[in-house]
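Okay, structure first, notes after.
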């Protein structure tokens, strides 16, 4: 299902951009060679079409994740997951988290907009969630501001979900990366904040849920939800093939930490995967 969502997003959001690039190329051909025949213009059209495709960078692969059954669980599951990403130039990027497009760039400073998908939460994900019902899926729109200098970057993100939790979340973080020979090391630390709607959807327990689940009623209010620290190591096997291992942990905070559905405030995770870059 997640692969299908990513494929549909790629078709809907990126195909129009490629088509517009081709149309622009044809327009330039006609303007520069007004007396040319269609046979004479055709090679130039093909060259321009290939120049558009040349701007694409695509990575595909597969990974295995080890993560909690749900946010707050003390039990884990292993999930296979596709690695799919596509970048156009240095300003548009699509992966399994959604689409990000830079709208302003000046040196290391960038402002971007993004669209994505919140998968929600299923009651069937864990025995601990029985009686709480599902948190529906929803679409996400948001923005990101970042500043990068050398190997260091600081960033802030703001996301609004439509459907599902209908919540608002924000993220403040810093990251660093370093390359040595064929190895690429990276580290990332960030804090996540959420509004009342998001916190109540994922960590609150209303009267009906309490009656069905046996958990006490609980109101989760807006505030700091969690802080995370993660690191990764990528080995460049060849110019195109790479293998990546990553691990980290999140620490639930505030009303999220005190929710009766939370079995463990520490939320570790890990993944390993291989990818091929075209």
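Structure above, values below:
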| item | result |
| --- | --- |
| Proxy reagent accessibility, fewest Cβ within 10 Å first, across 129, 229 | 229, 129 |
| Using alpha carbons only: equivalent-ellipsoid semi-axes of region 88-222, gyration tensor based, whole Å | 35, 16, 14 |
| Mean projected area (nm²) of the alpha-carbon convex hull when region 155-278 is viewed from all directions | 9.6 |
| Sorted by Cβ density within 10 Å, fewest first, the residues 111, 266 | 266, 111 |
| Three semi-axes of the equivalent ellipsoid, region 185-245, Cα gyration tensor, whole Å, largest first | 41, 15, 8 |
| Residue order, fewest to most surrounding Cβ atoms within 10 angstrom, among 113, 227, 103, 84 | 103, 113, 227, 84 |
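All of the numbers you see were taken from the coordinates with simple rules; none came from a lab. Values in this document were obtained by computation on a predicted structure and should not be read as measured data. Ideal geometry is used to build each Cβ from the backbone, glycine not excepted, and the neighbour counts take in all protein chains shown.
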